[in-house]
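Participant: Got a structure for you, written out below as structure tokens; questions coming shortly.
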Amino acid sequence: MPPKVDVKGTHLVHGDDKFRRDEDVAPSISVSTTFLSPKPNEEWVADYRNPSRHVYSRYTAQNSTRVEHILSQITGGFALTYSSGLAAGFAALVFFKPKRIAFTDGYTGTTSLLQVYLKTAPQVKLIKFDDDFQSGDLCWLETPLNPTGESRDIQYYADKVHKAGGKLLVDSTFAPPPLQDPFKFGADCIMHSATKYFGGHSDMLAGVLVVRTREDWDTLQSDRTYLGSAIGSLESWLLLRSLRTFHLRLARQSETATSLVQWLQKLALTPQGQSFDGIPGGVLIRVWHSSLQGRDARGFDPAVQMTGGWNATFSIQLSKPSYAAWFPQSLKYFTPATSLGGVESLVEYRYSWDPASDPRAVRISVGVEDLEDLKADIRQALKHLIQTASKL
């Protein structure tokens, strides 16, 4: 069984100490793709999880190995890195070889990824979560959900697919540890876009798969070698740097986002003709976030699953599509850009990326800025939209 998730600064700073070399305090940047071969009289056993030396960066490299050991400690399993989140997702499909894939809503990139995979396996069928599962099915569950930030019941779908003889993959990008531990609720594999919270600085692409056993890790590592989707040397160095402060960043982002959601929810509940905190009611009409869900009809309570805090990415709905389109451009501290999880708060008009989404919806990723500054920024932006409504 994987160890219990325990995200400590000590793990993040010292979890890779056994791989430290030379006198460097900070990890060195190495961009070499190839390394000196062993001498004929030198004994060497290829252990790609704990390499005593590196031979080619498609197998292992110094910083990617260090990153994987830290990620394994904080996710409670055996972690492997990839060149992007989508590369990790494709590797998972190759690993599981599903007969059918259950996927209902979520990241638009995943939808496109599944369509690409089906070109290589046209016999595989896509189904929905509400369909009956069968042996060989893979349930691809994203929680919290992109873009709304709402939680789904991992235990329910784990029980459902396991009873039928299938497997459960959980995309936990919106809730990295310690916010939730998918293994605790029955996940067979956890996926992360490390581009987001693990990277945290909007300057690198990476993906992660975490499995329960060393045997599965070895299979994934062999597959990755020949898929050619290993993380780059510079990206692994950036990710290693970022993980040192991951626990500090994520805690701040979660706390600030939760307070911001509570404030926005009060505004959303303010009727037109009244005002809240100086903002007229009726311009913001809905907030989506796992903390606002409450217990559902089956008895699922997101608080039971999100034991380490609430997600820092969520969505809001404005009263007019024109408000939603111009809201990101009316802000000062929120950067109008896609992606999420960085130290800077980001805001995205979802319809510009996904025409199937509600044209009134805006996704917000909270960074590490001060809460009151973010609230003041939203306040001035909404007032600006109301004042310029006739010109939008």
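The values are calculated or read from the model by the stated rules, or taken from the named source; none is laboratory data. None of the values given here were measured: they were computed from a predicted structure. Neighbour counts are summed over all protein chains in view; Cβ atoms, including those assigned to glycine, are modelled from backbone coordinates with ideal geometry. Accessible surface areas use protein heavy atoms only, side chains included; no ligands, DNA or RNA. Shrake-Rupley method; radii C 1.70, N 1.55, O 1.52, S 1.80 Å.
Participant: In the range 73-95, what residues are open to solvent by 10 Å² or more (accessible area, probe 1.4 Å) and aromatic (Phe, Trp, Tyr)?
Facilitator: Those that are open to solvent by 10 Å² or more (accessible area, probe 1.4 Å) and aromatic (Phe, Trp, Tyr): Phe78, Phe90, Phe95.
Participant: From Arg20, Arg58, grab the single residue that is surrounded by fewer than 17 Cβ atoms within 10 Å (Cβ to Cβ), over 30 Å from Asp181 (Cβ atoms) and not acidic (Asp, Glu). Even if it seems obvious, please write down each step before you answer.
Facilitator: Details: Arg20 fails: over 30 Å from Asp181 (Cβ atoms).
Of Arg20, Arg58, the one residue that is surrounded by fewer than 17 Cβ atoms within 10 Å (Cβ to Cβ), over 30 Å from Asp181 (Cβ atoms) and not acidic (Asp, Glu) is Arg58.
Participant: Tell me which of these Gly282 doesn't satisfy, since it passes every other one: (1) touching a residue at least 40 places away in the same chain (Cβ under 8 Å); (2) more than 23 Å from Pro144 (Cα to Cα).
Facilitator: (1)
Participant: Looking at the range 338-392, which of the residues that are among the small types (Gly, Ala, Ser) and more than 16 Å from the chain's Cα centre (by Cα) is surrounded by the fewest Cβ atoms within 10 Å (Cβ to Cβ)?
Facilitator: Just the residues of the range 338-392 that are among the small types (Gly, Ala, Ser), to begin with: 339, 341-342, 345, 352, 356-357, 361, 365, 367, 376, 381, 389-390.
Then drop every residue that is not more than 16 Å from the chain's Cα centre (by Cα), which leaves 352, 356-357, 361, 376, 381, 389-390.
Numbers: Ser352: 14, Ala356: 9, Ser357: 18, Ala361: 21, Ala376: 15, Ala381: 22, Ala389: 13, Ser390: 5.
Ranking the qualifying residues of the range 338-392, first place goes to Ser390.
Participant: Output the qualifying pairs, or none if there are none: Cβ atoms under 6 angstrom, residues six or more apart or on different chains, first residue in the range 93-109 and within 28 Å of Ser352 (Cβ to Cβ) and in a helix (DSSP H, G or I), second residue at pLDDT 95 or above and among the aliphatic types (A, V, I, L, M).
Facilitator: These pairs meet every condition: Gly109/Leu86.
Participant: If you check Lys184 against the conditions, is it open to solvent by 30 Å² or more (accessible area, probe 1.4 Å), closer than 30 Å to Leu260 by Cβ and within 12 Å of the chain's Cα centre (by Cα)?
Facilitator: Values: open to solvent by 30 Å² or more (accessible area, probe 1.4 Å): yes; closer than 30 Å to Leu260 by Cβ: yes; within 12 Å of the chain's Cα centre (by Cα): no.
No.
Residues are listed down the side, and each one gets a yes or a no for (1) touching a residue at least 24 places away in the same chain (Cβ under 8 Å); (2) more than 28 Å from Thr33 (Cβ to Cβ); (3) open to solvent by 60 Å² or more (accessible area, probe 1.4 Å):
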| position | (1), (2), (3) |
| --- | --- |
| Phe174 | yes, yes, no |
| His192 | yes, no, no |
| Arg224 | yes, no, no |
| Glu255 | yes, yes, yes |
| Trp263 | yes, yes, no |
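Participant: Same structure, new question: For residues that are within 23 Å of Val210 (Cβ to Cβ) and in contact with an Asp or Glu (Cβ under 6 Å, 6 or more places away or on another chain), tally how many sit in the range 103-132.
Facilitator: Here the count works out to 1.
Participant: Hey, another quick one. Of these, Leu169, Leu209, Leu179, which one is assigned to a loop (DSSP other than H, G, I, E, B) and among the hydrophobic types (A, V, I, L, M, F, W, C)? First the steps, then the outcome.
Facilitator: Working: Leu169 fails: assigned to a loop (DSSP other than H, G, I, E, B); Leu209 fails: assigned to a loop (DSSP other than H, G, I, E, B).
On inspection, the qualifying residue turns out to be Leu179.
Participant: Only residues that are outside any helix (DSSP H, G or I) and either at pLDDT below 95 or of a type in the set (Ser, Thr, Tyr) (or both): list them for the range 239-271, please.
Facilitator: Within the range 239-271, the subset outside any helix (DSSP H, G or I) is 244-245, 269-271.
Residues satisfying the conditions are Thr245, Thr270.
Participant: Out of (1) open to solvent by 10 Å² or more (accessible area, probe 1.4 Å); (2) outside any loop (DSSP other than H, G, I, E, B); (3) within 25 Å of Phe183 (Cα to Cα), what's the single condition that is false for Ala297?
Facilitator: Of the numbered conditions (1) open to solvent by 10 Å² or more (accessible area, probe 1.4 Å); (2) outside any loop (DSSP other than H, G, I, E, B); (3) within 25 Å of Phe183 (Cα to Cα), the odd one out for Ala297 is (2).
Participant: Ok, one more. Please work out which one of (1) open to solvent by 40 Å² or more (accessible area, probe 1.4 Å); (2) over 29 Å from His11 (Cα atoms); (3) at pLDDT 95 or above is the condition Ile127 fails and give its number.
Facilitator: Single failed check for Ile127: (1).
Participant: Quick one: what pairs do we get from the range 9-34, first residue in contact (Cβ under 8 Å) with a residue 60 or more places away in the chain, second in a loop (DSSP other than H, G, I, E, B) and open to solvent by less than 100 Å² (accessible area, probe 1.4 Å), C-beta under 6 Å, 6+ apart or different chains?
Facilitator: Listed by first residue and then by second, the contacts come to Leu12/Arg244; Val13/Arg244; Thr33/Ser57.
Participant: Got at least one residue in the range 54-65 being touching a strand residue (DSSP E or B) at 6+ places or on another chain (Cβ under 6 Å) and not in a helix (DSSP H, G or I)?
Facilitator: The initial filter retains those residues of the range 54-65 that are touching a strand residue (DSSP E or B) at 6+ places or on another chain (Cβ under 6 Å), namely 56, 64.
Those left that are additionally not in a helix (DSSP H, G or I): 56.
There is at least one residue in the range 54-65 that is touching a strand residue (DSSP E or B) at 6+ places or on another chain (Cβ under 6 Å) and not in a helix (DSSP H, G or I).
Participant: Sticking with this one: Looking only at the range 286-319, count every residue that is in contact with a Pro (Cβ under 9 Å, 6 or more places away or on another chain) and free of Cβ contacts under 8 Å to residues at least 24 places away in the same chain and tell me the total.
Facilitator: Residues in the range 286-319 being in contact with a Pro (Cβ under 9 Å, 6 or more places away or on another chain) and free of Cβ contacts under 8 Å to residues at least 24 places away in the same chain: 2 in total.
Participant: Take Arg286 and decide whether it is among the basic types (Lys, Arg) and surrounded by fewer than 16 Cβ atoms within 10 Å (Cβ to Cβ).
Facilitator: Details: among the basic types (Lys, Arg): yes; surrounded by fewer than 16 Cβ atoms within 10 Å (Cβ to Cβ): no.
So Arg286 fails the test.
Participant: Residue pairs, Cβ under 7 Å, 6 or more apart or interchain, first in the range 367-392 and more than 26 Å from Arg249 (Cβ to Cβ), second in a helix (DSSP H, G or I). List them.
Facilitator: His384/Ser330; Leu385/Tyr323; Leu385/Trp326; Leu385/Ser330; Leu392/Ser322; Leu392/Trp326
Participant: Just the residues that are assigned to a strand (DSSP E or B) and open to solvent by 40 Å² or more (accessible area, probe 1.4 Å), please, taken from the range 300-337. Quick ask: steps written out before the conclusion?
Facilitator: Step one: filter the range 300-337 for residues assigned to a strand (DSSP E or B), giving 313-318, 335-336.
Result: Thr335, Pro336.
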